[in-house]
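S.K.: This is the structure I have questions about; it appears just below.
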There are 2 protein chains.
Amino acid sequence: MTTGFIAETTGLLERTPQVLRALLVGLPEAWTDTPDSSDGWRPRDVVGHLITGEETDWMARTRRILEQGTSVPFDRVNRVAMLNRDAGVPLDDLVERFAKLRADNLAALGDLVTDADLDRRGLHPALGEVTLRELLATWAVHDLDHIGQIYTGMAGSHDTDVGPWKAYLGILLRRDDPSAVAG
Amino acid sequence: MTTGFIAETTGLLERTPQVLRALLVGLPEAWTDTPDSSDGWRPRDVVGHLITGEETDWMARTRRILEQGTSVPFDRVNRVAMLNRDAGVPLDDLVERFAKLRADNLAALGDLVTDADLDRRGLHPALGEVTLRELLATWAVHDLDHIGQIYTGMAGSHDTDVGPWKAYLGILLRRDDPSAVAG
């Protein structure tokens, strides 16, 4: 295994479809039909948001950096595109759609980018100048952030089943009050 | 698939080893050597804590309920037993140790318990009377809580790499201030 930044980052990114399959495919709906907060997302909404990222965000922005640098800002991403687009699509199908897109994107990334490109710059419409390194790190941490959100929704689906143990389960306490307990 | 509570709960519990393998085994250490908070746990500490649960908590308490009801309280669990016990053990080995213990425990659970037992009661040393249903639900949500903690540590390992995008990544903002952003 190479130990460069791109290998380290894709080493995480390529795992996400496997994790989502192991976690979600075939799981009883009793675990998967609850949002992470009162105005939050269910696991299927999170997977849909990850699909949007594969379709319109990470590789589109990588290409923009490589082709146009900071001369043209990134296009904005519709964070909630999945809510209409994916209505009625089974969760298991969303996971497989995501897996295919992710695999295609990592193959394209491998063809397009080397560690020598990581300091190249692009223009984020709100954040200003960013590097390709920051974009790729964000792609990976964005996965972690949203899979954490899936875990929170899944825990919330059994909020009352745990009875008095809720007092020890930060993932449930934070759904009611984000400042209740660190974690 | 049966749709009873035990089937639903074990349907989640049996996935955790697969998720941990997909997420952690072989992952570069750059992702796995950071705790979820300044006084928190690294992914290896979390897996060690899950091992302790398999060895001394969930099935021991299930048996205590079945054999002694509320007449003898549960033994307390050492939440930090892993910090000394597992020092120097490779993370990948911890994942496999956990997987073996979890498989054995789910097999034992299947032999010992049916949905007809779920209202049987035990005595928690701090929380008082609890049901077997609550114990088993807590086993599953405890998995979700601690895997969420693994995700937070992994995200934290790349806190600075994301540059200005940190402002959009709740999983990083909450490491600095739990009340910074809901999720």
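S.K.: Output the residues belonging to segment B:76-95 that are of a type in the set (Asp, Glu) and touching a residue at least 40 places away in the same chain (Cβ under 8 Å).
M.R.: Within segment B:76-95, B:86, B:92 qualify.
S.K.: Okay, moving on. Can you pull out every residue in segment B:128-154 that is in contact with a Phe, Trp or Tyr (Cβ under 9 Å, 6 or more places away or on another chain), small (Gly, Ala, Ser) and at the interface with another protein chain (Cβ under 8 Å from one of its Cβ atoms)?
M.R.: B:137, B:140, B:148
S.K.: If we scan segment B:42-59, do we find a residue that is over 19 Å from the mean Cα position of the chain (by Cα), modelled with pLDDT of 95 or more and more than 30 Å from residue A:138 (Cα to Cα)?
M.R.: no
S.K.: Then there's this: Would you say residue B:75 is away from every other protein chain (no Cβ under 12 Å) and among the acidic types (Asp, Glu)?
M.R.: yes
S.K.: Looking only at segment B:73-80, decide whether some residue is open to solvent by 60 Å² or more (accessible area, probe 1.4 Å) and farther than 30 Å from residue A:144 by Cβ.
M.R.: yes
S.K.: A follow-up question, please. Output yes when any residue across segment A:32-54 is within 28 Å of residue A:131 (Cβ to Cβ), in contact (Cβ under 8 Å) with a residue 40 or more places away in the chain and among the charged types (D, E, K, R), and no when none is.
M.R.: yes
S.K.: Same structure again: Just wondering, is there one or more residues in segment B:123-131 that are out of contact with any strand residue (DSSP E or B) (no Cβ under 9 Å at 6 or more places or on another chain) and within 13 Å of residue B:13 (Cα to Cα)?
M.R.: No; the residues of segment B:123-131 include none that is out of contact with any strand residue (DSSP E or B) (no Cβ under 9 Å at 6 or more places or on another chain) and within 13 Å of residue B:13 (Cα to Cα).
S.K.: Is there a residue being touching a residue at least 40 places away in the same chain (Cβ under 8 Å) and touching a Pro at 6+ places or on another chain (Cβ under 7 Å) anywhere in segment A:125-147?
M.R.: Scanning segment A:125-147 turns up at least one residue that is touching a residue at least 40 places away in the same chain (Cβ under 8 Å) and touching a Pro at 6+ places or on another chain (Cβ under 7 Å).
S.K.: What are the residues in segment B:10-39 that are in contact with a Phe, Trp or Tyr (Cβ under 7 Å, 6 or more places away or on another chain) and more than 19 Å from residue B:157 (Cβ to Cβ), if any?
M.R.: B:12, B:13, B:17
S.K.: Residue check: is residue A:66 at pLDDT 95 or above, closer than 17 Å to residue A:10 by Cα and out of contact with any His (no Cβ under 8 Å at 6 or more places or on another chain)?
M.R.: Criteria not met by residue A:66.
S.K.: Considering segment B:108-142 alone, what residues qualify as being part of a strand (DSSP E or B) and not hydrophobic (A, V, I, L, M, F, W, C)?
M.R.: Within segment B:108-142, B:121, B:122, B:124, B:128, B:129, B:131 meet the criteria.
S.K.: Output the residue which, of all residues in segment B:107-117 that are in contact (Cβ under 8 Å) with a residue 60 or more places away in the chain and surrounded by 15 or more Cβ atoms within 10 Å (Cβ to Cβ), is farthest from the chain's Cα centre (by Cα).
M.R.: Result: B:113.
S.K.: Please work out which one of (1) in contact (Cβ under 8 Å) with a residue 60 or more places away in the chain; (2) open to solvent by less than 10 Å² (accessible area, probe 1.4 Å); (3) touching a Leu at 6+ places or on another chain (Cβ under 6 Å) is the condition residue B:151 fails and give its number.
M.R.: Unmet condition: (1).
S.K.: Name the residue that is least open to solvent (accessible area, probe 1.4 Å), counting only residues in segment B:174-183 that are more than 8 Å from every other protein chain (Cβ to nearest Cβ) and outside any loop (DSSP other than H, G, I, E, B).
M.R.: Per the stated criteria, the residue is B:175.
S.K.: Additional query: Would you confirm, using the coordinates I've provided, whether residue B:90 is open to solvent by 20 Å² or more (accessible area, probe 1.4 Å) and facing chain A (nearest Cβ under 7 Å)?
M.R.: No.
S.K.: Moving on. Is segment A:159-173 home to any residue that is more than 9 Å from chain B (Cβ to nearest Cβ), open to solvent by less than 40 Å² (accessible area, probe 1.4 Å) and not in a strand (DSSP E or B)?
M.R.: No - not one qualifying residue is present in segment A:159-173.
S.K.: Among the candidates A:115, A:119, A:111, A:104, which residue alone is in contact with a Gly (Cβ under 8 Å, 6 or more places away or on another chain) and either charged (D, E, K, R) or closer than 16 Å to residue A:4 by Cα (or both)?
M.R.: Within the list A:115, A:119, A:111, A:104, the selection yields A:115.
The values are calculated or read from the model by the stated rules, or taken from the named source; none is laboratory data. Values in this document were obtained by computation on a predicted structure and should not be read as measured data. Please note: Cβ atoms are built from the backbone with ideal geometry, for glycine as well, and neighbour counts cover all protein chains shown. Side chains are part of the model used for accessible areas, which takes the heavy atoms of the whole protein and leaves out ligands, DNA and RNA. Shrake-Rupley method; radii C 1.70, N 1.55, O 1.52, S 1.80 Å.
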